[in-house]
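Below: one structure, written as structure tokens.
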Amino acid sequence: MPSPSSEPRFRLRLRPGRERSIRQGHPWVFSGAVEEIEAIEGAAPGQVGDVVDAEGRFLARGTVHPDSQILCRLLTWENRPIDADFFAERIDRALELREPLFRSGHTTTYRVLNAEGDELPGLIADRYHHFLVVQTLTPGMLHFRDLWLDVLHDRLAPQAIVERGEHGSREPVGDLGPSGVLRGLMPADPVRVMENGLSFLVDLMGGQKTGFYLDQRANRERCAQFVQGRDLLNVFGYTGGFSVYAGHAGARRVVEVETSGAARELARENWLLNSLDPSRLSQQSSDAFEFLRHCTDQFDVVVLDPPPLARHRGALEKALRAYKDLHLHAFRCVRPGGWIFTFSCSQHVESDLFQKVVFGASLDAGARVQWVERLGPGIDHPVHLNHPQGEYLKGMLLRVLVPGVRKTRPGADTPEARRQSRAPLSLRPDDEDADEETEEWSE
């Protein structure tokens with residue numbers, strides 16, 4: 001890897017009239033907006049480039065990724081170097097937001113850096129007590145890794161900094177390096193952290209995302225307010241975050257659905273770690289969709305927190321069918337007056353579209369439902385107003401007045417009937433320009 005260079009190695013000249021989104025502060029420059037790319041000899045993906053308008057006037061500076069549709073990730077709209085001082089300023093500003101919130105010690109795990117939300121596109125850093133887990137999602141952040149690593153190490157003094165290399169979430173521009181320890185020494189066992197006074201074991205190297213769903217902290221706390229003396233169904237339970245909160249809050253029974261044996265084992269350890277009665281937890285190894293389809297039990301609270309179902313726009317239609325199928329059967333598993341906490345973390349499923357799919361499922365299920373509250377990530381996951389695409393986690397708190405009716409007519413559970421039930425709602429005519437609105441950011 002070349003040593004970090006703050007000097008611009010690229011110059012991106014925009015097509016006439018395509019500078020509006022950049023002047024408005026959007027951090028992405030799409031390839032379709034660029035008329036010409038000039039590169040200094042030896043320039044490599046991830047190095048710094050200047051973006052200029054059609055007349056050659058400076059607009060912004062960022063890291064360039066020639067093989068990506070998002071050609072440049074902007075870091076600053078000032079003519080300044082991208083150096084150690086730059087990263088120190090950005091990281092210090094991010095810490096100013098987080099540190100006062102978690103000073104009490106009741107929570108020792110949170111997101112430190114949230115990519116575009118903290119004006120550091122392509123860089124995620126999560127704190128797990130004495131350890132940091134980072135993800136470099138672009139060649140640009142890999143190029144400057146030594147600079148921001150030094151700042152993080154100096155400010156937080158972690159025992160170790162670990163790189164998680166999930167390539168599915170990175171720019172498709174070649175190898176950005178494997179997962180591994182960047183600084184310090186990692187323990188062999190899962191790391192113990194605290195969240196709102198509850199204890200959890202986190203597998204930093206083998207767990208989902210960076211080890212734990214930190215973006216659901218506020219929603220776990222909210223859910224706990226509804227469960228005392230009630231039955232909770234936690235679908236896609238993972239390592240038991242919602243389950244432990246519910247058990248601690250006095251849930252009568254918690255049923256957790258999770259296919260991963262390793263995750264179920266860690267979920268049970270987390271349950272026992274918080275001195276909860278093991279007889280109140282029931283773990284099911286079923287596929288979540290099959291479990292809901294054949295579930296004859298009813299619950300007071302249902303949590304639907306699936307993994308991303310649309311990792312790219314080409315998977316959107318299939319994802320919408322899956323979301324509809326999920327809610328169609330969930331509405332039949334809730335007692336009258338019960339609650340559903342439902343989420344989508346698929347970036348390509350926007351909030352209004354998610355709402356339409358849930359609405360369509362309620363109609364098909366014959367359920368009457370109130371939308372009580374909009375849910376999202378906690379304060380350590382800021383979204384920049386100039387970058388609405390950063391709002392990846394969408395959630396709804398639903399009150400089910402009348403549950404759905406399970407169909408018993410002949411042929412209701414055939415593959416064809418299931419396929420029809422999963423068909424998504426058609427978009428309204430005024431939604432047909434959704435892609436154009438998104439592309440408008442590149443103009």
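Restricting attention to the range 200-211, report how many residues are more than 14 Å from V112 (Cα to Cα) and in a loop (DSSP other than H, G, I, E, B). Even if it seems obvious, please write down each step before you answer.
Looking only at the range 200-211, we keep the residues that are more than 14 Å from V112 (Cα to Cα), and these are 200-209, 211.
Adding the requirement that they be in a loop (DSSP other than H, G, I, E, B) leaves 203-209, 211.
Residues meeting the conditions: 8.
Against the definition (without any contact (Cβ under 8 Å) to a residue 40 or more places away in the chain and not basic (K, R)), how does N114 come out, yes or no?
On the way: without any contact (Cβ under 8 Å) to a residue 40 or more places away in the chain: no; not basic (K, R): yes.
No.
Which number in (1) over 19 Å from the mean Cα position of the chain (by Cα); (2) at negative phi marks the one condition that T342 misses?
Unmet for T342, out of (1) over 19 Å from the mean Cα position of the chain (by Cα); (2) at negative phi: (1).
Pull up the range 227-245, narrow it to residues that are among the aromatic types (F, W, Y) and not in a helix (DSSP H, G or I), then point me to the one that is surrounded by the most Cβ atoms within 10 Å (Cβ to Cβ). Please lay out each step first, then the result.
Residues of the range 227-245 among the aromatic types (F, W, Y): 236, 238, 242, 245.
Okay, now just the ones that are also not in a helix (DSSP H, G or I), so 236, 238.
On the way: F236: 20, Y238: 23.
Here the answer is Y238.
Every residue in the range 159-168 that is in contact with a strand residue (DSSP E or B) (Cβ under 9 Å, 6 or more places away or on another chain) and either surrounded by fewer than 20 Cβ atoms within 10 Å (Cβ to Cβ) or among the acidic types (D, E) (or both), please. Steps first, please.
Start the filter on the range 159-168 by keeping residues that are in contact with a strand residue (DSSP E or B) (Cβ under 9 Å, 6 or more places away or on another chain), which leaves 159-166.
Of everything in the range 159-168, those that are in contact with a strand residue (DSSP E or B) (Cβ under 9 Å, 6 or more places away or on another chain) and either surrounded by fewer than 20 Cβ atoms within 10 Å (Cβ to Cβ) or among the acidic types (D, E) (or both) turn out to be Q159, A160, I161, E163, G165, E166.
Looking at the range 9-22, can you tell me whether even one residue there is surrounded by 15 or more Cβ atoms within 10 Å (Cβ to Cβ), assigned to a loop (DSSP other than H, G, I, E, B), more than 31 Å from the chain's Cα centre (by Cα) and of a type in the set (D, E)?
No - not one qualifying residue is present in the range 9-22.
Within the range 46-96, considering only strands (runs of 3 or more DSSP E) that don't extend past its boundaries, which have at least 3 residues that are in contact with a Gly (Cβ under 9 Å, 6 or more places away or on another chain) and of a type in the set (S, T, Y)?
Once the strands (runs of 3 or more DSSP E) in the range 46-96 are filtered for at least 3 residues that are in contact with a Gly (Cβ under 9 Å, 6 or more places away or on another chain) and of a type in the set (S, T, Y), nothing remains.
Go through the range 23-45 and count every residue that is part of a helix (DSSP H, G or I) and surrounded by fewer than 19 Cβ atoms within 10 Å (Cβ to Cβ). Quick ask: steps written out before the conclusion?
Step one: list which residues in the range 23-45 are part of a helix (DSSP H, G or I), which gives 23, 31-33.
From the residues that got through so far, the ones that are surrounded by fewer than 19 Cβ atoms within 10 Å (Cβ to Cβ) too are 23, 31-32.
Residues flagged as part of a helix (DSSP H, G or I) and surrounded by fewer than 19 Cβ atoms within 10 Å (Cβ to Cβ) within the range 23-45 amount to 3.
Out of (1) at pLDDT below 95; (2) crowded, with 22+ Cβ neighbours inside 10 Å; (3) of a type in the set (G, A, S), the odd one out for S104 is which?
It is condition (2) that S104 fails.
Could you please give the count of residues in the range 382-405 that are in a loop (DSSP other than H, G, I, E, B), touching a helix residue (DSSP H, G or I) at 6+ places or on another chain (Cβ under 7 Å) and more than 23 Å from W339 (Cβ to Cβ)?
The total comes to 4.
For the structure I just gave you, tell me whether F87 is of a type in the set (F, W, Y) and modelled with pLDDT of 95 or more. Please lay out each step first, then the result.
Numbers: of a type in the set (F, W, Y): yes; modelled with pLDDT of 95 or more: yes.
Against the criterion (of a type in the set (F, W, Y) and modelled with pLDDT of 95 or more), F87 qualifies.
Of these, F58, F10, F30, which one is free of Cβ contacts under 8 Å to residues at least 40 places away in the same chain and closer than 25 Å to A115 by Cα? Write out each step before concluding.
On the way: F10 fails: free of Cβ contacts under 8 Å to residues at least 40 places away in the same chain; F30 fails: free of Cβ contacts under 8 Å to residues at least 40 places away in the same chain.
Exactly one residue qualifies, and that residue is F58.
Just to be sure, is D126 under 21 Å from the mean Cα position of the chain (by Cα) and outside any helix (DSSP H, G or I)?
Values: under 21 Å from the mean Cα position of the chain (by Cα): yes; outside any helix (DSSP H, G or I): yes.
Answer is yes for this residue.
Can you name the residue in the range 298-318 that is under 30 Å from Q225 (Cα atoms) and either of a type in the set (A, V, I, L, M) or part of a helix (DSSP H, G or I) (or both) and is also modelled with the lowest pLDDT among such residues?
Within the range 298-318, the subset under 30 Å from Q225 (Cα atoms) is 298-309.
Then drop every residue that is not either of a type in the set (A, V, I, L, M) or part of a helix (DSSP H, G or I) (or both), which leaves 301-304, 309.
Numbers: V301: 98, V302: 98, V303: 98, L304: 98, L309: 86.
For the range 298-318, the residue satisfying everything is L309.
Would you check if there is a residue in the range 246-263 being touching a residue at least 60 places away in the same chain (Cβ under 8 Å), closer than 25 Å to R111 by Cα and crowded, with 23+ Cβ neighbours inside 10 Å? Steps first, answer last, please.
In the first step, residues of the range 246-263 are kept if they are touching a residue at least 60 places away in the same chain (Cβ under 8 Å); the result is none.
The answer is no, given that none of the residues of the range 246-263 is touching a residue at least 60 places away in the same chain (Cβ under 8 Å), closer than 25 Å to R111 by Cα and crowded, with 23+ Cβ neighbours inside 10 Å.
Check whether at least one residue in the range 353-370 is touching a Lys or Arg at 6+ places or on another chain (Cβ under 7 Å), at pLDDT below 95 and not hydrophobic (A, V, I, L, M, F, W, C), and report yes or no.
Within the range 353-370, none of the residues are touching a Lys or Arg at 6+ places or on another chain (Cβ under 7 Å), at pLDDT below 95 and not hydrophobic (A, V, I, L, M, F, W, C).
Would you be able to tell me the number of residues in the range 195-226 that are within 18 Å of F343 (Cβ to Cβ), surrounded by fewer than 19 Cβ atoms within 10 Å (Cβ to Cβ) and of a type in the set (A, V, I, L, M)?
Of the residues in the range 195-226, 1 are within 18 Å of F343 (Cβ to Cβ), surrounded by fewer than 19 Cβ atoms within 10 Å (Cβ to Cβ) and of a type in the set (A, V, I, L, M).
Among the numbered criteria (1) in a loop (DSSP other than H, G, I, E, B); (2) under 17 Å from Q389 (Cβ atoms), which one does G165 miss?
Of everything listed in (1) in a loop (DSSP other than H, G, I, E, B); (2) under 17 Å from Q389 (Cβ atoms), G165 misses just condition (2).
Can R332 be described as modelled with pLDDT of 95 or more, surrounded by fewer than 17 Cβ atoms within 10 Å (Cβ to Cβ) and among the basic types (K, R)? Give the steps one after another, and end with the answer.
Values: modelled with pLDDT of 95 or more: yes; surrounded by fewer than 17 Cβ atoms within 10 Å (Cβ to Cβ): no; among the basic types (K, R): yes.
No: the conditions fail for R332.
In the range 271-296, which residue that is without any contact (Cβ under 8 Å) to a residue 12 or more places away in the chain and in a helix (DSSP H, G or I) is farthest from the chain's Cα centre (by Cα)?
Out of the qualifying residues, it is S279.
Does the range 334-352 contain at least one residue that is under 30 Å from L120 (Cα atoms), aromatic (F, W, Y) and not in a strand (DSSP E or B)?
No, because not a single residue in the range 334-352 is under 30 Å from L120 (Cα atoms), aromatic (F, W, Y) and not in a strand (DSSP E or B).
Please go through (1) at positive phi; (2) over 21 Å from the mean Cα position of the chain (by Cα) for E55 and return the number of the only condition it doesn't satisfy.
Result: E55 fails condition (1) only.
The values are calculated or read from the model by the stated rules, or taken from the named source; none is laboratory data. Everything numeric here is computed off the predicted structure, so don't read it as measured data. Cβ atoms come from the backbone with ideal geometry, glycine included; neighbour counts cover every protein chain shown.
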